[in-house]
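Chemist: Take this structure first; my questions come after.
FYI, it's all coordinate maths here, none of it is from the lab. Note that this is a predicted model, so its numbers are computed, not measured. Here the Cβ is made from the backbone with ideal geometry for all residues, glycine too, and neighbour counts use every protein chain on show.
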Ligand code: GLU
């Protein structure tokens, strides 16, 4: 690790979307990001990613914050909500637009179907009624080193194309909001589920376009069903029970590759987390997805 990274105060975050209750996968991401922050004596923030009203469940954001507290994890700063930060996204889009990096586009999903949904140029007669804003993507290979998964690279133009910054329905796209917020909140380490590994090159490219620092990234193992499929939010991912937090915390601890004996004697949430901080070994976090150890 370069010395400059050691000197930088660590600030991590957990950024749930309030589309459903916390499940084992999200609890594992919360615990993993919390432990990595605590292991480095750093701060840990909660940010609610509520930018997709059609998919959100009313009251779920507050529920997440309350449930995390029941699992012993409380944001070190006031909980941020993306829905209250849209001016920041608008300003960043404006900057990109002024620099000729963002453009309006009326291509609909079906217009792009022939190219697998990837936008590399607007079709001749776009059929969308409302325009979206996209980021112009050059021919470019983007590589980075994930702290857990190691080297990862993507050919941006072929793999993602000109991706959306603001959707045609007016909602802000995740990729823009996450980059603006991570930068504005001074996040130094992004620790999250490996389902977002393939979003990371887009986010790094966007950071470069906006001239903001790139945090380090660590992608935690996804939980798979017994048949190897991703543990879906609706199906096998039963909500964890904040009324009985110890069993779910123990499972999340094991999903992070940690030794279950370390927390075996825990009698309360506070006690379990104390033992967890003392016995946490980041090098044991598996670099591959895991079958849920239920
Ligand atoms: N809000 C995203 C999710 O719940 C996570 C975003 C992130 O950690 O970058 O899947």
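Chemist: Tell me what the chain gives for mean residue ellipticity at 222 nm when only DSSP H runs of n ≥ 4 count, each as -39,500 (n - 2.57), the sum divided by the residue total, rounded to 500 deg cm²/dmol.
Modeler: It lands at -9500 deg cm²/dmol.
Chemist: Over the residues of region 1-85, compute the C-alpha Rg and express it relative to 2.2 N^0.38 Å.
Modeler: Rg over 2.2 N^0.38 Å, computed on Cα atoms: 1.17.
Chemist: Order of 76-82, 13-19, 197-203 by packing, highest average Cβ count within 10 Å first?
Modeler: Going by the mean number of other Cβ atoms within 10 Å, highest first, we get 13-19, 197-203, 76-82.
Chemist: Another one. Mean-square fluctuation check for the chain, GNM, Cα pairs under 10 Å: which of 110, 92, 33 is largest?
Modeler: Most flexible of the set in this elastic network: 110.
Chemist: Let me ask something else about it. Anyone know which of 89, 174, 152 comes out most mobile in the 10 Å Cα GNM of the chain?
Modeler: Taking springs between Cα atoms under 10 Å, the residue moving most is 152.
Chemist: Now a separate question. For region 156-281, what D do you get in µm² per second when you plug the Kirkwood radius from alpha-carbon pairs into Stokes-Einstein at 4 °C and 1.567 mPa s?
Modeler: Taking Rh from Cα pairs, D becomes 74 µm²/s.
Chemist: Let me ask you something else. For region 108-214, what is the convex hull (Cα atoms) projected area averaged across all directions, in square nanometres?
Modeler: Over every viewing direction, the Cα hull of region 108-214 projects on average to 7.3 nm².
Chemist: Need one number: nm distance between label points at residue 246 and residue 212, each 7 Å from Cα along Cα→Cβ, rounded to one decimal.
Modeler: Taking the simple label geometry, residue 246 and residue 212 are separated by 4.2 nm.
Chemist: Then there's this: Relative contact order, percent, of the chain when contacts are C-alpha pairs under 8 Å separated by at least 6 residues?
Modeler: Here the relative contact order equals 21 percent.
Chemist: Ok, one more. Assuming R0 = 45 Å, what is the FRET efficiency of residue 278 and residue 124, from their Cβ-Cβ distance, to the nearest 0.05?
Modeler: 0.10
Chemist: Kindly work out what percent of the DSSP beta bridges joining two residues of the chain are antiparallel, to the nearest 5.
Modeler: Looking only at bridges with both residues in the chain, the antiparallel portion is about 50 percent.
Chemist: Mean projection of the alpha-carbon convex hull of region 123-175 over all orientations, in nm²?
Modeler: Averaging across all directions leaves 4.9 nm² for the Cα convex hull.
Chemist: If only Cα atoms are counted, what is the Rg of the chain, and what is its Dmax, in Å?
Modeler: 19.7, 66
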